[in-house]
Each structure stands twice: as structure tokens, then as C-alpha cells.
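This report refers to the structure that appears directly beneath it.
The values are calculated or read from the model by the stated rules, or taken from the named source; none is laboratory data. The shown structure was predicted, so the numbers you read here are calculated from the model rather than taken from an experiment. Heads up, the Cβs are rebuilt from the backbone with ideal geometry, glycines too, and the neighbour counts pull from every protein chain shown.
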Amino acid sequence: MMPLSQIRAFDRTITEGGRSAVADLLAAPWSHDPGSVRFFRTSANVVLTLTSNGERAFLRAASACERTPQTIEGELRMLDALTARGVPVVSAIPSDRGSRIETVDTPLGPFHVVLFAALPGTIRDAETLSVPDYRRWGGAVGRIHAGLAAIPSDAVARPPSWQRAFDILETHRERVPEDTKIGAARLRARLERLPRTPAWYGLLHGDLELDNLTWDDDAIRALDFDGASCGWYLLDVAKALADPLDSGLSTTDAPIAAFLDGYRDQRPLPDTSMASLPDFRLLARLIDYASLLHAVDMPEDDADVDWLRALIARLNTWMRSFEAELATA
């Protein structure tokens, strides 16, 4: 997640109807329909929408303080490799001068910008999925992992997300309760004992929950590879299944069992690895926690608008809850 101070700075540029002069600057390297650029959301990046000849596309802008062109280029090479292997994923649209990554100077600083084609299909909620749908979902995750396994691990020029999370905890250690740090150390020790063989460990998407997948009649397509890095494949599985597992489903229930069967249709998933699923569920939440430690860079009292005060309060509540959970790990 971007620091909240950066999110607030961009929010100040947005006018009625989602227009923004900064957004227009970010979109300028690509020909598009006049007046079509609109704000969509901010999270790890600023995301905008535009149309070109009536076709919708999504513009993703990463602050140069948060990303480098090298890390984004590695992500795009992953997409190229998956596409070449027949794995349906999002694609980048070159700018008017033929570059897939443009660095744009703005009053808020430089941003590295990529334009992605909109994917066909719809985004599904877990409540709408049948057991066969869960099997299709698991198959899509397994197919992505099988494709990523054929790509050299150094294709992504960034540290593993799990390693970076522990590093952020150390950087912000004065904000982390002592018993939470002890729990994190215990979790890391258990993870360090796990294999890093090709069956267990390789390139990951980073977030294969349902909001990063589109469904249509013939394919499930993946988007948002911005969090891709190396790690244990089970981390992607645990992250994908976070909401169903948090709702009370277990690996013996038909939907989760179907997901795992679908995954195994595409690549092996060692039975011995499933014993570590609770640790990977905890690790997925720890990665989110570390992201918030990085993002929440102002106290609630310094927020100058109601939505930001409410967001900081909500994020702080989640962080306190997770700190208590991690302390018992």
C-alpha cells in the first residue's frame, strides 16, 4: 500500500467526476479519447481508467519512491512468458513511442506508468462460486504456478514479499509490540526450516484472491502482478483462500478440497506441505500488516478529511487485532 500521505496528496488533485490534472499528465504518453481519463482507486499504486476508440483500459502509476522501472520490467517479462505458455493474463499496451513503461514527471513527483488492457469477463465473489467453480479457481492458480515455474527466479528484481515483510517489521520495530516481534520470530524460524526446492518454492503472483481474476465462459484470467516475487507456492494458495478459510471452511470441506484438486490437476502440491497451511495463512496476514506499517505514516489526528481519519482508525484497529494474533503464534 502507498503511504497515506501520498494517497492524500493525489486525492487533493481529484475534482468532481473523478477528473484530475495529474491523471491527465500520467495518461499523456498514450493516445486516448479526449476527456476519458478518470480516477479509479489508490492502493499500492494510483489506478486510472481511460478509453481509446471506446475500448476501456487501466492506467497504473507507481510513485518512483515505491517502485523502479527494473521491478516493473521484470513483472512485464513474467506476463510475456505466461502468455507465451498459453496462460491467460493481462497485457500491457505500448505508449505512442513504443514503450510499455513511461516515467512521467508530475507536481507530486515522478511516476512509472503502465497501461493495461481491460480483461474480458467478470469478477466473482466467493458466495457465488459452486464447488466446480472452486475447482476451476484452483486450476487457474495451479496453471499460473506451473507457468511461473518455467521462468528464472531472478526475472523479478525485488526481494521476496515474505522477506521484505520481516524487514519492515525490523525497520518499524519501535511501533511493533514486543510479544508480536517474538511471535514473528517464531513464525520466521518455522518458515526457514521449510524446503526451497522447485516443488515448494518459486515465482509467485502474490495475490490470487478473486478480485484479481476475471471469469468468462472459456477462461479465468489473472491481473495485477505488481506483488510478484519469490516464495513458497503455498503462500499464494493461502492468500487466495483467505476469505473462504476465514469464513470457517476447512481443507476437508468440499469447496476447498475442490480448489486443491483443481490445483493438483495442473501441478503437484506436496501433501506434506498442507500441514504448513496455517503458518502461510498467518504469513499472508503478516505481509499485509507490514504493508500497513509502511503505509500508515500519519496519526489519525493529523488527517484533514473525514474519510482519511476513518481509514486510519480502521487500519489501526486491524493492525492491533493482528498484533494480538501474531503474539500467540
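Numerical summary
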item	result
Residue ID - farthest from Ala28 (Cα to Cα), chosen from residues in region 117-128 that are hydrophobic (A, V, I, L, M, F, W, C), in contact with a strand residue (DSSP E or B) (Cβ under 9 Å, 6 or more places away or on another chain) and surrounded by fewer than 19 Cβ atoms within 10 Å (Cβ to Cβ)	Ile123
Residues within region 301-324 that are in a helix (DSSP H, G or I) and surrounded by fewer than 15 Cβ atoms within 10 Å (Cβ to Cβ), tallied	13
Which numbered condition Ala329 misses (of (1) at pLDDT below 95; (2) among the hydrophobic types (A, V, I, L, M, F, W, C); (3) more than 26 Å from Ser250 (Cα to Cα))	(3)
Residues of region 237-263 satisfying the condition of being part of a helix (DSSP H, G or I), surrounded by fewer than 14 Cβ atoms within 10 Å (Cβ to Cβ) and within 23 Å of the chain's Cα centre (by Cα)	Asp246
Subset of region 195-218 [aliphatic (A, V, I, L, M), buried (at least 18 other Cβ atoms within 10 Å of the Cβ) and assigned to a loop (DSSP other than H, G, I, E, B)]	Leu208
Complete set of residues in region 26-45 that are surrounded by fewer than 17 Cβ atoms within 10 Å (Cβ to Cβ) and of a type outside the set (Lys, Arg)	Ala28, Ser31, Asp33, Pro34, Gly35, Ser36, Phe40, Ser43
Members of region 189-221 that are of a type in the set (A, V, I, L, M, F, W, C), within 18 Å of Glu75 (Cα to Cα) and out of contact with any helix residue (DSSP H, G or I) (no Cβ under 6 Å at 6 or more places or on another chain)	Leu213
Leu25, sole failed condition from (1) assigned to a helix (DSSP H, G or I); (2) of a type outside the set (Gly, Ala, Ser); (3) under 30 Å from Leu293 (Cβ atoms)	(3)
Ile144 buried (at least 20 other Cβ atoms within 10 Å of the Cβ) and among the β-branched types (Val, Ile, Thr)	yes
